[in-house]
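Contents: one structure, followed by commentary.
The values are calculated or read from the model by the stated rules, or taken from the named source; none is laboratory data. For clarity, every value in this text was computed on a predicted model and none was experimentally measured. Virtual Cβ from ideal backbone geometry, glycine too; neighbours counted across all protein chains shown.
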């Protein structure tokens with residue numbers, strides 16, 4: 001009888017271990033996958049809607065919070081302007097033209113292209129990438145870092 005109890009105890013212990021391991025292994029499968037940009041599709045879509053809303057309202061304070069500074073504006077091949085945070089209110093129209101805003105607003109938030117370099121709006125008019133919020137990069141957030149104004 002003692003041997004049977006011992007065996008039953010081992011079986012129960014192994015059974016419990018098997019259940020725990022299967023739940024542990026299933027955990028990441030149940031979570032939304034992280035894409036090559038380092039963010040989930042839901043995180044990207046939420047960020048996109050914030051950017052679209054800020055551009056639509058010409059909300060420079062919100063855009064300042066959603067951008068990495070200085071913001072790189074590629075005005076022509078080989079010609080870059082760096083726009084500082086304090087300059088954005090007066091430079092808004094030059095950085096974010098009506099054509100660029102229309103293109104970004106037309107983008108469906110859950111269909112942005114992403115790769116290891118970041119997330120692209122439209123045909124590359126805006127780019128965002130992950131920026132670490134702490135020294136060991138346990139937390140990161142998406143920020144706009146480059147603007148490629150469409151030709152006028």
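Within the stretch 98-116, restricting attention to residues that are without any contact (Cβ under 8 Å) to a residue 60 or more places away in the chain and within 13 Å of the chain's Cα centre (by Cα), which residue is farthest from residue 79 (Cα to Cα)?
Here is the first cut: in the stretch 98-116, the ones without any contact (Cβ under 8 Å) to a residue 60 or more places away in the chain are 98-108, 111, 113.
So of that shortlist, the ones also within 13 Å of the chain's Cα centre (by Cα) come out as 111, 113.
Details: 111: 30, 113: 25 Å.
Restricting to residues being without any contact (Cβ under 8 Å) to a residue 60 or more places away in the chain and within 13 Å of the chain's Cα centre (by Cα), the top hit is 111.
Does the stretch 87-107 hold any residues that are over 16 Å from residue 124 (Cβ atoms) and in contact with a strand residue (DSSP E or B) (Cβ under 9 Å, 6 or more places away or on another chain), and which are they?
Matches in the stretch 87-107: 87, 88, 91, 94.
For residues that are assigned to a strand (DSSP E or B) and in contact (Cβ under 8 Å) with a residue 60 or more places away in the chain, tally how many sit in the stretch 27-82. Before the answer, list the steps.
Pass one, the stretch 27-82, residues assigned to a strand (DSSP E or B): 34, 40, 67-76, 79-82.
Next cut, in contact (Cβ under 8 Å) with a residue 60 or more places away in the chain only: 67-68, 71-75.
Total satisfying the criteria: 7.
Have a look at 64, 48 and point out the one that is closer than 17 Å to residue 121 by Cβ and modelled with pLDDT of 95 or more. Break it down into steps so the answer makes sense when it comes.
Values: 64 fails: closer than 17 Å to residue 121 by Cβ.
Every option except 48 fails the conditions.
What residue, among those in the stretch 122-143 that are more than 14 Å from residue 39 (Cβ to Cβ) and touching a helix residue (DSSP H, G or I) at 6+ places or on another chain (Cβ under 8 Å), is surrounded by the most Cβ atoms within 10 Å (Cβ to Cβ)?
Residue satisfying both the conditions and the ranking: 126.
Collect the residues in the stretch 76-85 that are surrounded by fewer than 14 Cβ atoms within 10 Å (Cβ to Cβ) and either within 25 Å of residue 44 (Cα to Cα) or in contact with a strand residue (DSSP E or B) (Cβ under 9 Å, 6 or more places away or on another chain) (or both), keeping them in residue-number order.
Residues of the stretch 76-85 surrounded by fewer than 14 Cβ atoms within 10 Å (Cβ to Cβ): 76-80, 82, 84.
Across the stretch 76-85, the qualifying residues are 80, 82, 84.
Output the residues belonging to the stretch 56-72 that are under 13 Å from residue 128 (Cβ atoms) and in contact with a helix residue (DSSP H, G or I) (Cβ under 8 Å, 6 or more places away or on another chain).
Correct list: 63, 66, 67, 71.
Within the group 91, 114, which residue is assigned by TED's automatic domain parsing to the domain that holds residue 48, surrounded by 14 or more Cβ atoms within 10 Å (Cβ to Cβ) and in a helix (DSSP H, G or I)? Explain how you work it out, then say what you get.
Values: 114 fails: in a helix (DSSP H, G or I).
So the residue among 91, 114 that is assigned by TED's automatic domain parsing to the domain that holds residue 48, surrounded by 14 or more Cβ atoms within 10 Å (Cβ to Cβ) and in a helix (DSSP H, G or I) is 91.
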